[in-house]
Protein chains: 2
Amino acid sequence: MVNETQHPCSASSSSRSDGGSSSGSESSKDNSRCSTPVLDADRHERLREKMRRRQDAGDKWFSLEFFPPRTANAAVNLISRFDRMGAGGPLFIDVTWHPAGDPGSDKETSSMIIANTAVNYCGLETILHMTCCNQTKDDITGHLQKAKRLGLKNIMALRGDPAGEEWEEEVDGFNYAVDLVKHIRNEFDDYFDICVAGYPKGHPEAESYEADLRHLKEKVFAGADFIITQLFFRPETFLKFMKDCQAIGITCPIIPGIFPIQGYHSLRQLVKLSKLEVPQEIKDVIEPIKDNDAAIRNYGVELAVSMCRELLDSGMVHGLHFYTLNREVATTEVLKRLGIWKEDPRRPLPWAVSAHPKRRVEDVRPIFWASRPKSYIYRTQEWDDFPNGRWGNSSSPAFGELKDYYLFYLKSKSPREELLKMWGEELTGEESVFEVFTCYITGEPNRYGYKVTCMPWNDDPLATETNLLKDQLEKVNRRGILTINSQPNINGKPSTDPIVGWGPSGGYVFQKAYLEFFTSSEIVTALLKVLKKYELRVNYHIVNVKGQNITNAPELQPNAVTWGIFPGREIIQPTVVDPVSFLSWKDEAFALWIEQWAKLYEEESPSRMIIQYIHDNYYLVNLVDNDFPLENCLWQVVEDTFELLN
Amino acid sequence: MVNETQHPCSASSSSRSDGGSSSGSESSKDNSRCSTPVLDADRHERLREKMRRRQDAGDKWFSLEFFPPRTANAAVNLISRFDRMGAGGPLFIDVTWHPAGDPGSDKETSSMIIANTAVNYCGLETILHMTCCNQTKDDITGHLQKAKRLGLKNIMALRGDPAGEEWEEEVDGFNYAVDLVKHIRNEFDDYFDICVAGYPKGHPEAESYEADLRHLKEKVFAGADFIITQLFFRPETFLKFMKDCQAIGITCPIIPGIFPIQGYHSLRQLVKLSKLEVPQEIKDVIEPIKDNDAAIRNYGVELAVSMCRELLDSGMVHGLHFYTLNREVATTEVLKRLGIWKEDPRRPLPWAVSAHPKRRVEDVRPIFWASRPKSYIYRTQEWDDFPNGRWGNSSSPAFGELKDYYLFYLKSKSPREELLKMWGEELTGEESVFEVFTCYITGEPNRYGYKVTCMPWNDDPLATETNLLKDQLEKVNRRGILTINSQPNINGKPSTDPIVGWGPSGGYVFQKAYLEFFTSSEIVTALLKVLKKYELRVNYHIVNVKGQNITNAPELQPNAVTWGIFPGREIIQPTVVDPVSFLSWKDEAFALWIEQWAKLYEEESPSRMIIQYIHDNYYLVNLVDNDFPLENCLWQVVEDTFELLN
């Protein structure tokens, strides 16, 4: 009656004992367990598996194509766009290969580095395009090795546009995408998921539509896992193409490439490049409104939505690939109207995970980098192992040095002029600094009428969760407790809670109250006296820029400050206050005063000297209230400190 | 002002940065962290460190000496005594070396195996005695290597009694204890803590008291860590001895050996062996009452208490060593009257820890062996690593086979006749089995008037915690849900809770409700239907003796069912329901039906066939209610099942 197992992992132990003797201990020797606890299956699947799983579940998805930016500033903007558009839940993004832009280099704007950033820092499943014509095998292998090293797992294998007018096949060279597919499979076995391009109208250079289909089949049979198509203007174009593919035995997923028309000129340029013809019915609409960008975009959105609906309704299409042209509005609009833009506030962990394969098991981080996750990933990129289950288990190597903190993804998104408006063109004393902190907390404009929407330690406005503490934070910042990180205590809220929830549903999340701030040595002296009263309840670490360090952490152990209990799983404790990491964090936290704030002002200027004074003399303090079921006592600690000072 | 750290571990990071440059990232490279989270400092200290810490804290302690038993049955009793006397909190126990009893062998009664059991299975800090005269270096080294392998860390180095009347020193042989001390230090460096014997009246064979003191000093200077003295009858004897030791430069701890007089004959025998003289004032009291055992014991207790008080009051004595003669009453009485018997209901973890050094970091176990911790330790003794932090992290090797389950420490403490009275001389059907389970739960006598104080799966009466579930357990056992393990849900009780608390104070403990039972396939069929309603809330594993296995565990992950949150620490999750271990446990759980119960009856007898039928046809079921903050739903699940059956 019950001769079945319900999970793949159990198969071996159960099936083996089916035929076993009556009380054999044979099954006790079976060690085929899933060895790593899985919080989020997604993190452990390859792209083609994710695609398959979504298709099996009848779950429609989308993906987004971007090209590499031309300037470092544009790169900062593109990465913000990755974060914003990543929130809608794309199955993957892809980054085109830009032969003219030194695509495999370490430049901030190269295809390779942009794809690297998307995977590692934005946590997005990413496909890196790669073209092969006019390149040597060694070059290609070098690019692929580098991609693998950076954690990239998916390649879109393309021929690319030949450089000269009169292109000739090279013997033993890469002449077609299929050569690149074969090369990847030869040299890298099954490591990469490979995508190839399909042409619903046939490749413009192909002898015929049928010949082009045969080429596509060759690419698939050489090892490609799925196909993304060139853009097209009519749904029937794609559906016919798909049937033709199936008819000749192509069974892998074929993803239609969608191009929402966003403007007259971009359409013309694209059409020219892709040698496609715009259907007359579209031309008829566009020509009369060609100078009205908004009208064209509205039309483009309408057209894309109706085409996508038809594709999805056909039952043959499970995912849609968008050519975004690095723009946000039109694509997001289409996705929202289709109902497949899914801004899921649910997080697998309280912090943004990286998609690098070696970070798959990572499920613990120090709380200090809560607002600077990209910096944390950057400073730990050389680690071989990542804390899993418990921070204390990891004999983690040191954090990376700060010498590279100027790299674009660690820079502020805002330009100098804006920062000056927010943080003050001229500071008159420590109080003007208190004011900036206070305005950031309250959201009120500063004395010059500007809202403070970021701080050196927080490149984004206040988190929703921190909003829960807003009134108290405002009060203490006004008086010189300059908060840079905090969380309320949580005693078992559902894991689906829209503000503090994370992890699978059906669980409960918990937090210890946390408060981190810079403050003067006078306040620290009083605080230490007050903390004696709270000795068993509050753990503290207090450090200045020179590294003078006071703590009551037992045996310098990490303190878990966020944890979750889920059905059928072990406890997950993703955030800790780790005394050792705190000393690395303090270097970064203190450096940000100088690098981001003081340097806005002239050397020797009074404003700069004020920030320098704070940097040299203030302490960085963190406090944890261990009694999470009781009312947060940290505000009382601060209140007592102010009272003692009066 | 704050140029100090408060914990030894932090010394390096702070002191190094004291003189550092203004924002050096030097301290961020400092990786001298305590790498393993420490729940219980005790588990990580050597005996001499524990002794030192207790002395520094002004904390009085005691230790207990036992000799190896003569028979396997006596060994089972002695181990129960270890467990009972271990509850009083001895700093260590020691096991004498019994040259006539093949002391280094694998016999159940050898000194080596008894000490092994004390350390590994009873979790007691243990000193193994070892004598050296008439033995070769190779023999001694072999014994020491074996002791080390078994996890023994402390040796009492003794000369032993020469075999012949006319003993002569051997050149290059072991003639004195000091030779053994040197040999241990030479061959095993600092691995062992070494104890040596001191003679407050001088060794009977020594040339003089002073010469004996010089021998003692030699032993200490050769590497002994502390001294335990021969028994004595007057406190001033010890105090003078101690001063004399100090006067010649012996500074290590000296622990007085206390012998509570327990009877006329044992006193005479001991005095003869140790060549001591009983003071006249004691003889005067004892001789007239020499046939009244109780009177002598009472006197012995009085005498010991008064002597111990005087020793402790002297301020020179921090610990007392008791010669128990393997008896419990007198020593326990003395300890209780002195107020140093400390039955601490507080547990570092919810289960009894082993004192084997390689198990120091162990802090997770499957719940299945909750009532059979010795069996769990036995079946995992070959593991090289133990789960720490999380079960899923350990790529644990298989559980040991059951072929040795007859070993004495896995046997029932009760003899066959008693078991038959409890479990029934004759069974008439499955219902008589239900009745035995029910009587065990209720504590009521069975139909023959005997209380059922143990079961094959529980060698002890019901745990206090299980008592919380008594009424419901009784109800379901009557109807054929034969429970063998259960725990209530706990939503954050203080870690100091006398019933469910564990771990350091100031923390909170949690549990998911758990229920494990044997039941018929009819009930399982209904249960599975009912469980569909509870799919997201209840995890289950259902298996029969053949290994047919049904579960809804996600990806066969372990489910944490006990965890604790403590100030300044990471989460501890000491108990899990692990699907893979469950299959090893089921072999043991099913085998106990046959080995402990069926085999009480004649082959082919109806009683035996009833147990055999249950063994062959019943299922072993475990249920976890994941919703620990809500009322335990497992009783409702069972109720629903019975309803469905009706």
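The values are calculated or read from the model by the stated rules, or taken from the named source; none is laboratory data. In this text, all values refer to a predicted model and were calculated from it rather than measured experimentally. Quick reminder, even Gly has a Cβ in these numbers, built from the backbone with ideal geometry, and neighbours come from all protein chains shown. Accessible surface is based on the protein model in full, side chains and every heavy atom, while ligands, DNA and RNA are left aside. Shrake-Rupley method; radii C 1.70, N 1.55, O 1.52, S 1.80 Å.
Please compute, for peptide B:535-548, the average count of beta-carbon atoms on other protein chains lying within 10 Å of each residue's beta-carbon.
Values: counts 1, 4, 2, 2, 3, 1, 1, 1, 5, 4, 6, 10, 16, 9.
Counting Cβ atoms of other protein chains within 10 Å of each residue's Cβ and averaging gives 5.
Taking θ as phi - 60°, what are the ³J(HN,Hα) couplings along the range A:69-82 by the Karplus curve (6.51, -1.76, 1.60), each to the nearest whole Hz, with x for Gly and Pro?
Along the range A:69-82, the couplings run x, 8, 10, 4, 5, 5, 5, 4, 5, 5, 5, 4, 5, 4 Hz.
Per residue of the protein assembly as shown, what 222 nm ellipticity follows from adding -39500 (n - 2.57) for every DSSP H run with n ≥ 4, rounded to the nearest 500? Don't skip to the end; give the middle numbers.
Numbers: 42 runs with 470 residues, N = 1292.
Dividing the helical sum by the residues of the protein assembly as shown leaves -11000 deg cm²/dmol.
For the protein assembly as shown, what is the largest minus smallest coordinate of the Cα atoms on each principal axis, given in angstrom and ordered from greatest to least?
Over the protein assembly as shown, Cα extents along the principal axes are 129, 87, 61 Å.
Could you provide, to the nearest whole Å², the per residue accessible area of the range B:365-645 with probe 1.4 Å? Mind showing how you got there, number by number?
On the way: 9990 Å² over 281 residues.
Dividing the accessible area of the range B:365-645 by its residue count gives 36 Å².
Could you grab the Rg to Rh ratio for chain B? Cα atoms only, Kirkwood for Rh.
Numbers: Rg = 28.1 Å, Rh = 27.7 Å.
When Rh is taken as the Kirkwood radius, the ratio is 1.01.
Output wanted: per-residue J couplings in Hz (rounded whole) for the range A:554-560, from phi through Karplus 6.51 cos²θ - 1.76 cosθ + 1.60, θ = phi - 60°, x for Gly and Pro.
So the Karplus estimates, Gly and Pro as x, are x, 6, 6, 7, x, 10, 6 Hz.
Taking loop as defined by DSSP and a crowding limit of 16 other beta carbons within 10 Å, which trypsin sites (Lys or Arg not before Pro) in the range A:562-646 fit? Display every interim value, and only then the final one.
Working: sites: A:ARG569, A:LYS586, A:LYS599, A:ARG608; in loops: A:ARG569.
The qualifying sites: there are none.
Taking the label point 7 Å from Cα in the Cβ direction, how far apart in nm is A:GLU426 from each other copy of itself, listed shortest first?
Listed shortest first, these distances are 10.9 nm.
Taking the dipole about the Cα centre of chain B, with the C-beta of Lys and Arg at +1 and of Asp and Glu at -1, give me whichever of B:ALA553, B:GLY173, B:ILE140 is farthest to the positive side.
Selected residue: B:ALA553.
Seen from all sides and averaged, what is the projected area of the convex hull of the Cα atoms in the range B:458-529, in nm²? Please report the intermediate quantities before stating the final value.
Working: hull surface 24.0 nm².
Answer in nm², one decimal: 6.0.
Could you name the lysines in cross-link range of B:LYS336, using Cα to Cα under 23 Å and dropping any fewer than eight places away on the same chain?
List returned: B:LYS50, B:LYS60.
Kindly work out what percent of the DSSP beta bridges joining two residues of chain A are antiparallel, to the nearest 5. Each step should come with its number before you reach the end.
Numbers: 37 of 69 bridges.
Among the beta bridges of chain A, antiparallel pairing accounts for roughly 55 percent.
Placing +1 on the Cβ of each Lys and Arg and -1 on the Cβ of each Asp and Glu in the protein assembly as shown, which of A:GLY160, B:PRO279, A:ILE614 has its Cα farthest towards the positive end of the resulting dipole?
A:ILE614
Taking a label point 7 Å out from Cα toward Cβ, give me the nm distances from A:GLY443 to the same spot in the other copies, shortest first, one decimal.
Here the equivalent label points are 6.0 nm apart from this one.
When DSSP assigns beta bridges and you keep just the ones with both residues in the protein assembly as shown, what percent turn out antiparallel, to the nearest 5?
Working: 74 of 138 bridges.
Of the beta bridges lying entirely in the protein assembly as shown, close to 55 percent run antiparallel.
Taking H as built 1.01 Å from N, whose amide H comes closer than 5 Å to the amide H of B:GLY507, not counting residues under 5 places away?
B:SER495, B:THR496
Please quote Rg/Rh for the range B:53-107 to two decimal places, taking the Kirkwood radius as Rh and restricting both calculations to Cα atoms. Intermediate values should be presented prior to the final figure.
Values: Rg = 14.2 Å, Rh = 13.0 Å.
The Rg/Rh ratio comes out at 1.09.
Using amide H atoms built 1.01 Å from N in the peptide plane, name the residues 5+ places from B:TRP61, or on other chains, whose amide H lies under 5 Å from its own.
Sorted by chain and number, the residues that satisfy this are B:GLY319, B:LEU320.
Past 19 Å, Cα to Cα: identify those pairs from B:LYS153/B:LYS182; B:LYS201/B:LYS240; A:LYS137/A:LYS275; B:LYS546/B:LYS586, in the order given. Don't skip to the end; give the middle numbers.
Working: B:LYS153/B:LYS182 16 Å; B:LYS201/B:LYS240 10 Å; A:LYS137/A:LYS275 29 Å; B:LYS546/B:LYS586 10 Å.
Over 19 Å Cα-Cα: A:LYS137/A:LYS275.
Quick one: with label points 7 Å out along Cα→Cβ, list the inter-copy distances for A:HIS265 in nm, shortest first?
Taking the point 7 Å beyond Cα along Cα→Cβ, the inter-copy spacings are 11.4 nm.
For the range B:365-645, report the translational diffusion coefficient in µm²/s to the nearest whole number, using Stokes-Einstein at 10 °C, 1.306 mPa s, and a Kirkwood Rh over Cα pairs. If you can, show how the numbers build up before the last one.
Values: Rh = 19.6 Å.
Roughly 81 µm²/s, to the nearest whole number.
Report the accessible surface area buried between chains B and A, summing both sides, using a 1.4 Å probe on protein heavy atoms only, in Å² rounded to the nearest 100. Don't jump to the answer; show the numbers that get you there.
Values: alone 30500 and 30470 Å², together 53120 Å².
In total, this chain pair buries about 7800 Å².
Ignoring ligands, DNA and RNA, what percent of the accessible area of chain A is carbon or sulfur (1.4 Å)?
Working: 12750 of 26560 Å².
Using a 1.4 Å probe with all protein chains present, chain A comes out at 48 percent carbon and sulfur.
Quick one: which residues, 5 or more positions from A:PHE67 or on another chain, have an amide H under 5 Å from its amide H? H modelled 1.01 Å from N in the peptide plane, none for Pro or chain starts.
Here A:THR96, A:ASN326 satisfy the definition.
Distances longer than 18 Å among the Cα atoms of the range A:126-255: what percent of all pairs is that?
On the way: 4436 of 8385 pairs.
Beyond 18 Å sits 53 percent of the P(r) for the range A:126-255.
Straight-line reach from B:LYS219: which aspartates and glutamates fall under 12 Å, measuring Cα to Cα and dropping same-chain residues less than 8 apart?
B:ASP179
Where nothing but the Cβ of Lys and Arg (+1) and of Asp and Glu (-1) is charged, how large is the charge dipole of the protein assembly as shown around its Cα centre, in debye to the nearest 20? Let's see the in-between values first.
Values: 146 positive and 184 negative charges, 268 e Å.
Dipole about the Cα centre, nearest 20: 1280 debye.
Tell me, what HN-Hα J-couplings in whole Hz come from the Karplus equation 6.51 cos²θ - 1.76 cosθ + 1.60 at θ = phi - 60° for each residue of the range A:519-536, using x for Gly and Pro?
Karplus values, whole Hz, x for Gly and Pro: 7, 6, 5, 4, 5, 4, 4, 5, 4, 4, 5, 5, 4, 4, 5, 10, 3, 7.
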